[in-house]
Structure formats: C-alpha cells, structure tokens
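I have placed the structure first, in the form of structure tokens, so that the comments after it can refer back to it.
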Amino acid sequence: MDLTYQPLRSFDAAPARSGALFLHVFGVLLLGYALLGRTVAYVGMPPLYIGEVVLALGLVSALRTPALRRVMTTSPFIFLALLMGLALVRTVPYFVTHGLDAARDAMQLGYGLFAFIMAALLLEQPERLRDIVRRYRRFVLVMLALVWVAYLVSKLFEESIPFLPWTDSARLVEVKAGDLMVHLAAITVFLMVGLMRLRPLAVLALAFTVGIVIVSSRAGMVAYGLAVGTAWLLRPATAKPGRIAAGFVLVLALGLAAGPVVAVNSGERDVSVEQLWQNVTSVFVESGTDTLDGSTEWRKAWWSRIVDYTITGPHFWTGRGFGINLAKVDGFSVSEDESLRSPHNGHLTILARMGVPGFALWTLLQLVWLASMLHAWFRARLAQQHTWTGLFALLIAYWLAMTVNASFDVYLEGPMGGIWFWTVWGIGLAAAQLHRTHPALFEDPDAESEITPPVRRHRWTWAPQTSERPASSSASPAWSWPRESSTPSV
C-alpha cells in the first residue's frame, strides 16, 4: 500500500480555475459596458457596484499566481504603481471632507488594477491570449447585431425609458455614442487586419452601425477616424481594407440618397450625411450652430481655467486632489444635482487633481506603453508574423481611440471607459512579453485561419513495411490519409 503523500490536484489547479472563472465573468461584464454603458455600470447597490465586485474577484485570482511578481517588476507597471501611489496620497486626506466621492474620483487610476490582473493571468497561461482573440470574434458578432438597436432605442425613446429601480442615475437602456464609436473603431480594425474572416453581411452591418452612431458624437468621430487610419498604416501584409471600404462607400451612397431619416440627441441632430459633414467641419472651424459651437467654447473655457491654476497657478505641485467637484469649484457646473464632476478631458482631470507631477507621470506612462507596443509591432512585422502584427495594430488602435475619446468626454473616469482602457493596457504589455517568449502562440490553424493563406490538402499514401520491397510502385496502398500543406491555392 502506497502511503506516499501526494498533493491534491484540485488544490493545485485552484489558481487556474479561479483565473478562468474570472475571465469568463469579466468578458460578460466588458460586453455589458460596451453595449449598454451606464445601465450595466449601475448594477449593484451603492457604493458597491458590479465593477468593484469583479475587481475583487480578479485580485483574488491574480494574487494566487506567481506571474504577478514578473508583472510588477517591469518598467511600465512600476510607473503605473508609482502613479497609483501618488493618487492615493492625493485621495486619503480628502476622505474626511468628501467621503466616498474621493474614492470614486480616484478610480480613474484605481481601475489600473485591472491591468495588473490581466497581465498576470495571461503570463500564467499564454494560451489565454489566443482565447481572448477567439472570444472577441463573438464580441464582434454580438455588437454588430445589437449596437444599432440599443442606440436607436436609447435616442428615440429616451424620455420613455424607465430608470433602474434602485437609482435615478441610469435608465434601463442608456448608451453614449462616443463610447460606442471607440468599440466600433476596434471592430473595424479587427476585421481589417484579418483577425476575423470578412463576411459581406458583417461589413455592411458595421458600415450601417457606424453611419447612424457617428453623427451623435464628434469625439467619437475623431477617435474612430484616427484609430482606423493608424491601424491602416500598421496593417499586416495580409490585410484587405478595400473590402471594408467598399461597404462604407455603399452605405454612404445610400445615405446621400435617403437624406435625413431620423432625429437624435433630442432633435438637435439627425442621421444624415449632411450632419456628418457638419460635425467634421466643426472640428476645424465654427459651424454656425449653437449645439456644436457652444460645447466647444464651454470646454475651452474650462480647460483654460485648469491650466491657469496648475501650470501657472498655486496648484502646480499638488492639484486640487480627489474628492472635490471640479465642475462646481471651477464654476462650470451644468446641473442642479452636480452630477458632472470632471472637465470632459480625462488627461486634464489628472492635471487638475494631481498637479503637474501627476500629469507628467501620466504622460510618461502612456508613452512608455505606446513605445512598447510599437517595438513589438516592429519585431512582428520584420518576422512576417501577420497575426501578431495585426494584434498589435489592434491594441494600438484601441488605445488611441480611447485616449482621443477621453480628450473630449468623461470617459476614463467611469467604469465603462476606465475598465476597458486599463484592460487593453494590460493585455498589450502581456502580449508584447508573450511575443518574445511564445512567438508560435498563433500558429494553431484554428487561431489563424482567418489570416493565413488557404490550406491545400494533398493525398499521401503509405503502405505498411514488409520484408520485401513491392515489385512495382503502382501497387495499391493499404490505406491513406490527408496531409495539410501551407502552400496557397491558386
């Protein structure tokens, strides 16, 4: 009888199981944030919402894996830890006067914990990165099927949609066009770089959805254009952007023929090519409309005020701290409930709350991340690793879309944008590391079938060995099976 001690396999596998459970739950949460925004963000009871619950689950999973130590010793994550530590210093003193508002404001950087979590879990099991790409294909299909429905319902029946039973801050269906455009940009890039097989129906659905959403947000429009344009420059050699462009041209032609079809944004804008052109021109010159020009001047005035009391003012070193309502103290509050707290620019929010040192560290952190991604993309490009090249192009485009949208809207300050931003940030750094250590990660045919040349199947024959060589090579084989070749079909 063997009495040798053997550790329980179920106990040894517990970290892997908890990580897998977190990734499944987290994937559903990210889909909810992307599709319904505030509706999903307010699931829970204050001050504990679903985002914080999933964050706790992720921390438990990450703390149980040794890979977290490797993550914490890399320079980008060291910079992130320093920035989060500085934010904590600028938060704790304001708990007494502002209570949970201080913690809520600081979550713009607190959500950075998701970057640590995702990087640790991917380094623990590298194949999870491949699984994320596969799951994102499902994300694309769900978004293309439902985004336009959620958007039209939210805009056409806004006043009729009831609030969630436990809060008057979010309706049952509530979406933001700018946030949607960030994900539509990523979906466009995902299709363009070849990470998903191009189907005509998917391309037309994408073009239609972009066409009706883009008119409601200039920030989303700019974010979409810059992200897709950058990805086009970084695309792998196997990319086929012409097919997507053809779908957009077709939808544009139909839009010109149809004219204005529906009013959105409480009747202030309509879904039409004329509205899109007006949005484009208003980015560079005055449009002559109060709706577009008024919001531009309001932002400029507030941003100038922040620069005055930080870069050239008394809050140079420390900022105003986390917890104070910036809209109220700066004189730009727009509602009686004081729900607006940040200046429609996530980067200037950092400047206003943490001063110039915090803003400089934030800028350095983003530049270090971008440099890491470009370096990884360059190595993949030189090695002609098309899937890796497309993946890094996607990550850079995603980051750029979110960064641009955050420059004109309250995006990174909430879970809908903040959690997505830091998730992409963490996945990017993990992918760069895995590209060095596991370059063959995407050589699985199932993972790369949409980007590699088509496979030609050859019939190979084999006869069992005998003591004597067959008299003729024309003898019939005992059995045969197909072998796959990577030679492109003609």
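Of all residues assigned to the stretch 316-323, none qualifies as being at pLDDT below 95, within 24 Å of Gly178 (Cβ to Cβ) and in a loop (DSSP other than H, G, I, E, B). Among the residues of the stretch 331-349, are any touching a residue at least 40 places away in the same chain (Cβ under 8 Å) and loosely packed, with under 14 Cβ neighbours inside 10 Å? The answer is yes; a qualifying residue exists.
Checking each residue in the stretch 226-238 for being of a type in the set (Gly, Ala, Ser) and either crowded, with 23+ Cβ neighbours inside 10 Å or at pLDDT 95 or above (or both) picks out Ala227, Gly229, Ala231. Entry remark, the stretch 419-447: residues being in contact with a Lys or Arg (Cβ under 9 Å, 6 or more places away or on another chain), assigned to a helix (DSSP H, G or I) and modelled with pLDDT under 95 number 2 in total.
Which of the following residues is in contact (Cβ under 8 Å) with a residue 12 or more places away in the chain and within 17 Å of Thr318 (Cβ to Cβ): Leu57, Leu82? After ruling out the rest, the residue left standing is Leu82. When you scan the stretch 130-142, do you find a residue that is touching a Ser or Thr at 6+ places or on another chain (Cβ under 6 Å) and either of a type outside the set (A, V, I, L, M, F, W, C) or more than 26 Å from Ser18 (Cβ to Cβ) (or both), even just one? Checked the stretch 130-142: no residue is touching a Ser or Thr at 6+ places or on another chain (Cβ under 6 Å) and either of a type outside the set (A, V, I, L, M, F, W, C) or more than 26 Å from Ser18 (Cβ to Cβ) (or both). Of all residues assigned to the stretch 178-193, none qualifies as being outside any loop (DSSP other than H, G, I, E, B), over 18 Å from the mean Cα position of the chain (by Cα) and not charged (D, E, K, R).
Within the stretch 331-365, the set of residues being of a type outside the set (Gly, Ala, Ser), over 18 Å from Ala406 (Cα atoms) and in a helix (DSSP H, G or I) comprises Val356, Pro357. All of Ser342, Ser287 fail the test of being of a type in the set (Ser, Thr, Tyr), in contact with a helix residue (DSSP H, G or I) (Cβ under 6 Å, 6 or more places away or on another chain) and modelled with pLDDT of 65 or more, apart from Ser342.
All of Ala41, Ala87, Ala62 fail the test of being at pLDDT 95 or above, touching a helix residue (DSSP H, G or I) at 6+ places or on another chain (Cβ under 9 Å), small (Gly, Ala, Ser) and over 29 Å from Val140 (Cβ atoms), apart from Ala87.
Here is the figure for the stretch 221-236: residues that are in a helix (DSSP H, G or I) and either more than 17 Å from the chain's Cα centre (by Cα) or not hydrophobic (A, V, I, L, M, F, W, C) (or both) total 7.
The values are calculated or read from the model by the stated rules, or taken from the named source; none is laboratory data. Note that the structure is predicted; figures quoted are calculated from it, not measured. Positions of Cβ are generated from backbone atoms using ideal geometry, with glycine treated the same way; all protein chains shown enter the neighbour counts.
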